[in-house]
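J.: For reference, the structure I am asking about is given below.
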């Protein structure tokens, strides 16, 4: 029995000694790491370099995606002006910055008296009707035939507008060549050329 007790005592002593040494080692190791810099995650690269989209552009893109059915930064605005003479003038511009984000109803209040005839993210078509003739018609004129008489028209031969004035020159009095020109339309650049051509045509009628 005494021998067994001595063996148990020796074993317990060795176990306690081993535990004490392990604790002392771990304590010393933990203390030594206090002076070392923290090893955290590596720094992320700075992505704010020239060529990246700005935060303002990201915010604008986010706003556009979250608001369907509104004017975008890439929307084109097509303006159609239809005149009383039946001709129209058109021009297209990018959507102004102050219109970006507007809905169809909000835009309609901003552009009176224009009328929205088409509304999509890609293109918006605006229409306005005006009295009188288009500027292109007012600035051009040509000589043609109406009801058998030589007549001066606004516009061009390919885009004839209303009559400007009628003459007393009968189309039937003209030779075949001049008559063909008259039916096609004789463009004139101004009043001086107009008078010169009319005098030439009148000479055939007088003869």
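J.: For the range 136-206, rounded, prolate or oblate, judged on the Cα gyration tensor with a ≥ b ≥ c (square roots of eigenvalues), a/c < 1.5 rounded, else prolate if a/b > b/c?
T.: In terms of gyration-tensor shape, prolate.
J.: With labels modelled as points extended 7 Å from the Cα through the Cβ direction, what inter-label distance (nm, one decimal) is found for residue 147 paired with residue 118?
T.: It works out to 3.9 nm between the two label points.
J.: A further question on this structure: Report the calculated FRET efficiency for residue 200 and residue 128 (r = Cβ-Cβ distance, R0 = 35 Å), to the nearest 0.05.
T.: 0.25
J.: Can you classify the range 59-130 as rounded, prolate or oblate using the Cα gyration tensor, where a ≥ b ≥ c are the square roots of its eigenvalues, rounded means a/c under 1.5, and otherwise it's prolate if a/b beats b/c and oblate if not?
T.: Cα axes put the range 59-130 in the prolate bin.
J.: Shape call for the range 96-183 from the C-alpha gyration tensor, a ≥ b ≥ c root eigenvalues: rounded (a/c under 1.5), prolate (a/b greater than b/c) or oblate?
T.: Judged from the Cα gyration tensor, the range 96-183 comes out prolate (a/c at least 1.5, a/b above b/c).
J.: Could you give the distance between the Cα centres of the range 81-103 and the range 149-165, to the whole Å?
T.: Result: 28 Å between the Cα centres.
J.: Please give the contour-minus-distance gain from residue 111 to residue 78: 0.36 nm per residue of separation, less the Cα-Cα distance, rounded to one decimal in nm.
T.: Numbers: separation 33, 0.36 × 33 = 11.88 nm, distance 1.28 nm.
Extra length from residue 111 to residue 78 when fully extended: 10.6 nm.
Read the figures in this text as sums done on the coordinates, not as results from a lab. All figures in this text were calculated on a predicted structure; none of them were measured in a lab. Positions of Cβ are backbone-derived with ideal geometry, glycine not excepted, and every protein chain shown enters the neighbour counts.
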